[in-house]
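Participant: Take a look at this one; I'll ask things after.
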Amino acid sequence: MPHIPFEEGFPGILGPMRFSPKTAEPMNLLANALMQSDEGLTRGERELIGTYVSSQNDCFFCQTIHGAIASDYLGDEDWSLIKSVKENYTEAELSDKMKALLSIAGSVQRGGKYVTAEQIARAREQGADDRDIHDTVLIAAAFCMFNRYVDGLATTAPTDPDVYRARAKNVIENGYSAVRGYHQ
């Protein structure tokens, strides 16, 4: 049960965002700027970073919704890629560049000072540029905040994967917003 009352039918981050539209607006602007960008990393890669960080933070809602979005972008219909990334990204069918970036994201998840010069050098060796590295760090940091927001308020999270698939389609078509609702 959530720690404070939220509008019925708005699980995960949507409940707190509907509760506080004033803070939801800049959070959604940040999410859209980070996740809907076509500069550098693909949208699927961006969502994969958010999914991985959310899984490391054990945030069920965020890892599931962003996993659904990443799966849609990446053509991972059975979510097997997403599952393998969450279990052990080093063994997943990903580019070496993406593995290097997930290593950086994992360090950010533990704390920003855990990112090493060696990780950055490895990412560069695998083809990552300054934008890729910047965006990876910022996505990972933002997801730590989003995950703590969701879990710190003990929000609800559906268990039906189809609910997340439907929401994923909405996010892909319309971007991030708590205003349009969960099932629309």
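Participant: Near ASP78, within a Cβ-to-Cβ distance under 15 Å, what is the net charge of the other residues, with Lys and Arg +1 and Asp and Glu -1?
Facilitator: Values: positive: LYS83, LYS86, ARG165; negative: ASP72, ASP76, GLU77, GLU87, GLU93, ASP162.
Surrounding charge for ASP78 is -3.
Participant: Give the peptides 62-71, 144-153, 98-107, 29-38 in descending order of average Cβ contacts within 10 Å, highest first.
Facilitator: Details: 62-71: 26.5, 144-153: 17.9, 98-107: 22.7, 29-38: 15.6.
By packing density, highest mean first, the sequence is 62-71, 98-107, 144-153, 29-38.
Participant: Right, here's the next one. If Lys and Arg each add +1 and Asp and Glu each add -1, what is the summed charge of the other residues whose beta carbon sits under 15 Å from the beta carbon of ARG131?
Facilitator: Neighbour charge sum, excluding ARG131 itself: -3.
Participant: Mind listing the phi-derived Karplus ³J(HN,Hα) values for region 85-93, rounded to whole Hz, using 6.51, -1.76 and 1.60 with θ = phi - 60°, and x for any glycine or proline?
Facilitator: 5, 5, 6, 6, 4, 5, 9, 6, 7
Participant: Same structure again: Treating cross-link reach as a plain straight distance, find the lysines whose alpha-carbon is under 25 Å from the alpha-carbon of LYS97, omitting any fewer than eight places away in the same chain.
Facilitator: Those lysines meeting the cut-off are LYS83, LYS86, LYS113.
Participant: What list of whole percents do you get for P(r) of region 65-184, with Cα-Cα distances grouped in 5 Å bins up to the one holding the largest distance?
Facilitator: 2, 10, 16, 20, 21, 16, 9, 5, 1
Participant: Explain nothing, just compute: Karplus ³J(HN,Hα) = 6.51 cos²θ - 1.76 cosθ + 1.60, θ = phi - 60°, for every residue of region 126-134 in order, whole Hz, x for Gly and Pro.
Facilitator: 8, x, 6, 9, 4, 5, 4, 5, 4
Participant: Further, regarding this structure: Leaving out ligands, DNA and RNA, what percent of the accessible area of region 47-184 is carbon and sulfur, probe 1.4 Å? All intermediate terms of the calculation are to be shown ahead of the outcome.
Facilitator: Values: 3250 of 6550 Å².
C and S atoms contribute 50 percent here.
Participant: Based on the alpha-carbon gyration tensor of region 117-159 and its eigenvalue square roots a ≥ b ≥ c, which shape applies: rounded if a/c is under 1.5, prolate if not and a/b is larger than b/c, or oblate?
Facilitator: Working: a/c = 3.75, a/b = 3.20, b/c = 1.17.
Taking the square roots of the gyration eigenvalues as a ≥ b ≥ c, region 117-159 is prolate.
Participant: Something else now. Give me the 1.4 Å probe accessible area per residue for region 92-184, excluding ligands and nucleic acids, in Å². If you can, show how the numbers build up before the last one.
Facilitator: Values: 4710 Å² over 93 residues.
That works out to 51 Å² for each residue.
The values are calculated or read from the model by the stated rules, or taken from the named source; none is laboratory data. Since we're looking at a predicted model, the values are computed, not measured. Note: ideal-geometry Cβ built from the backbone for every residue, glycine included; neighbour counts use all protein chains shown. All accessible areas refer to the heavy atoms of the entire protein, side chains included, with ligands and DNA or RNA removed. Shrake-Rupley method; radii C 1.70, N 1.55, O 1.52, S 1.80 Å.
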